[in-house]
Amino acid sequence: MVTALPPNTLAETPDLLAVLRERFPQDVLETTRRPGLLGRVVLRPEAILPVCRYLRDEQTFAHCAMVGGVDWKETREVVYHLWSDERKGYLELSLRVPAEDPHVESVAGLWPGANWHEREAWDLLGIRFDHHPDLRRLFLPEGYEFHPLLKTFELHEPEPLEVKTRHE
Amino acid sequence: MTLPTKPLPPAVQGSADGSSAPGVPFSEIETVRAKEFIPPAKEALRDVLARKGTDSLIQPVFNWAGRNSLFPLHWGLACCAIEFAAAFGARWDAERFGIVPRSSPRQCDLMIVNGTVTWKVAHKLITLYEQMPEPKWVIAMGNCATGGGPFRSAYSVVPGVDKLVPVDVYIAGCPPRPEAMLDGILRLEHLIQERRE
């Protein structure tokens, strides 16, 4: 017997995407409904901090589940997944920064858990996060010269790197 | 069925009613046995020294002692460490070869690199190797430590731990079974036995 799930009232009414479009008419470029998500919102890169603060403080998105990146060659996309316990769902934020100078404001001040996610995106995709408390490489050693998840990175026959121990 | 046992000397056999037996106490029995052992040992040593000379004897003695008490560093990098741990369990019992894992590199003379080494951890591996006292040996356990394994061309993986430290024995397998690890250690023991300074 299939029991109907209780209606997720918060997720449906009022419509979160419509509220966001109304609240940030200049900054929300595009909203789409996605299966499995509360919605997908494309933002202007400059607007990430006020939108995130609004979502955290007034729309119950208390948890930043993921910060990732995509290399689209001309631009680089930064993707945020925010989780709300009250709405029981993820909201996806997306923004595009130019590949020549990819940088965006850090959200580590709003969600401390975003700290390492942003370090990972910097390490592998070369996206700089302004005002990040500690933007070092996460997986690769300091001094590594590539951001290896970029399309321009070519796999090569491995060459030994110079390894320095701490006392050297 | 009873195993043939050597009869104990009468001094340690208590009387039937449990009272303390008269005679030599147990501790002195041990001393007597050791004293009995010393003269023939001295004689044998004198014989060997007369035949081979002092210098040629000391190195084999050190080699013999070292190879029978290899202390590997107790650390794990990846799934090979599970096999490494299993080798010290009840089924394979690596300690019967005198192999005792130690937690400090300063007490070790053998480093078993068991797993994928990334460039991020490479300087820590070198630091651990440098902290080990001489003489020391390195075993590359598994395909990752031997040559990078399936991650050889990855951007973050050291393609073989011999790029960082000198390796004496390579063990193939992904991961090698504990038997293979023990075989590698026994081969290293042969290398140590033939070592000449």
Among the residues listed as B:PRO150, B:PRO159, the single one being in contact with a helix residue (DSSP H, G or I) (Cβ under 8 Å, 6 or more places away or on another chain) and surrounded by fewer than 20 Cβ atoms within 10 Å (Cβ to Cβ): B:PRO150
Where A:GLY143 falls short, out of the listed (1) in contact (Cβ under 8 Å) with a residue 40 or more places away in the chain; (2) outside any strand (DSSP E or B); (3) over 22 Å from A:ASP15 (Cβ atoms): (1)
Residue ID - surrounded by the most Cβ atoms within 10 Å (Cβ to Cβ), chosen from residues in region B:126-147 that are of a type in the set (Val, Ile, Thr) and either facing another protein chain (nearest Cβ under 10 Å) or free of Cβ contacts under 8 Å to residues at least 12 places away in the same chain (or both): B:ILE126
Which listed residue is within 28 Å of A:PRO141 (Cα to Cα) and at pLDDT below 90, from B:GLY149, B:GLY142: B:GLY149
Residue identified as charged (D, E, K, R) and touching a Lys or Arg at 6+ places or on another chain (Cβ under 9 Å) among A:GLU145, A:GLU77: A:GLU77
Subset of region B:106-125 that is in a helix (DSSP H, G or I) and within 13 Å of chain A (Cβ to nearest Cβ) - its residue that is nearest to the chain's Cα centre (by Cα): B:LEU125
Any hit, region A:28-42, residues being touching an Asp or Glu at 6+ places or on another chain (Cβ under 6 Å), over 23 Å from A:LEU138 (Cα atoms) and at pLDDT 90 or above: yes
Tally, over region A:139-168, of residues that are more than 8 Å from every other protein chain (Cβ to nearest Cβ), surrounded by 10 or more Cβ atoms within 10 Å (Cβ to Cβ) and modelled with pLDDT under 85: 1
Members of region A:102-140 that are among the acidic types (Asp, Glu) and assigned to a loop (DSSP other than H, G, I, E, B): A:ASP134
Selection from region B:126-153 of residues that are in contact with a strand residue (DSSP E or B) (Cβ under 9 Å, 6 or more places away or on another chain), part of a loop (DSSP other than H, G, I, E, B) and under 19 Å from B:CYS174 (Cβ atoms): B:GLY148
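The values are calculated or read from the model by the stated rules, or taken from the named source; none is laboratory data. For clarity, every value in this text was computed on a predicted model and none was experimentally measured. Every residue, glycine among them, receives a Cβ derived from its backbone with ideal geometry; neighbour counts consider all protein chains shown.
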